[in-house]
Each structure stands twice: as structure tokens, then as C-alpha cells.
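Derivation of every value follows stated rules applied to the coordinates shown; laboratory data play no part. Computed from a prediction, not measured in an experiment: that's the story for all the values here. Cβ atoms come from the backbone with ideal geometry, glycine included; neighbour counts cover every protein chain shown.
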Amino acid sequence: MTSLPILLDDDLNELLSEGAKRTRRNKQTLVRLTLRQHLPEVIESESLKAAGRITRLAPWPRGVLAKAYKRADKHSEPAEASAVRAQGKPSWED
């Protein structure tokens with residue numbers, strides 16, 4: 001048998017303590033039973049999430065994305081020019 005030290009949140013520790021009182025099993029046995037009964041389901045549900053898309057938003061169509069980039073280029077030029085003007089002259093003392 002391999003030991004695995006894990007840190008439990010306070011609420012999980014309280015739940016295990018309550019379970020130990022009600023079932024007359026120790027916390028270690030309760031953790032083992034819970035993992036045996038429910039870990040396969042958790043693995044299955046979590047693996048389905050990982051295989052799917054990361055976001056629920058549909059990607060932009062290629063034409064819409066191109067228009068957005070063109071629009072962003074037009075609007076960013078004045079902002080970049082004013083940022084350059086605001087920086088001041090370079091100095092050797094910097």
C-alpha cells in the first residue's frame with residue numbers, strides 16, 4: 001500500500017469528521033471508499049471537459065476577423081502617434 005499525504009480544506013476535514021462519527025469508520029477508510037466509488041466518474045466527467053472547447057464562444061468567421069483587424073489598425077495609428085509625442089526626447093542621461 002502506498003501512502004499519499006494530502007492537505008484537506010477545513011470543510012472537507014469537517015465532513016470527514018462527521019462521516020467518521022456517523023459511520024464509525026476512520027477518516028482514512030472513508031477517503032478510500034469514496035475514491036473507489038466515485039473517482040472513475042470524476043475522471044470520466046473531467047476528461048470530457050478537457051477534450052471539448054475551452055470557451056463557449058464560437059470563433060469569429062474569417063471575414064469578420066479581417067474587418068476587425070483593419071478597423072483596429074485605423075484607430076490605433078492616432079493613439080500610437082500621440083503616445084510617441086508624449087514620450088519626449090531621448091537623453092543620454094537616462
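Laid out as a table, the results:
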| item | result |
| --- | --- |
| Residue-averaged [θ]222 nm for the chain, counting only DSSP H segments that reach four residues, each worth -39500 (n - 2.57) | -24000 deg cm²/dmol |
| Packing-based order for 61-73, 79-91, 30-42, using average beta carbon neighbours within 10 Å, highest first | 30-42, 61-73, 79-91 |
| Point-to-point label distance, residue 35-residue 62, nm (Cα→Cβ direction, 7 Å offset) | 5.0 nm |
| Listed residues 86, 6, 26: farthest to the positive end of the dipole of the chain (Cβ charges) | 26 |
| For the chain, size of Cβ-based charge dipole, Lys and Arg +1, Asp and Glu -1, in debye | 540 debye |
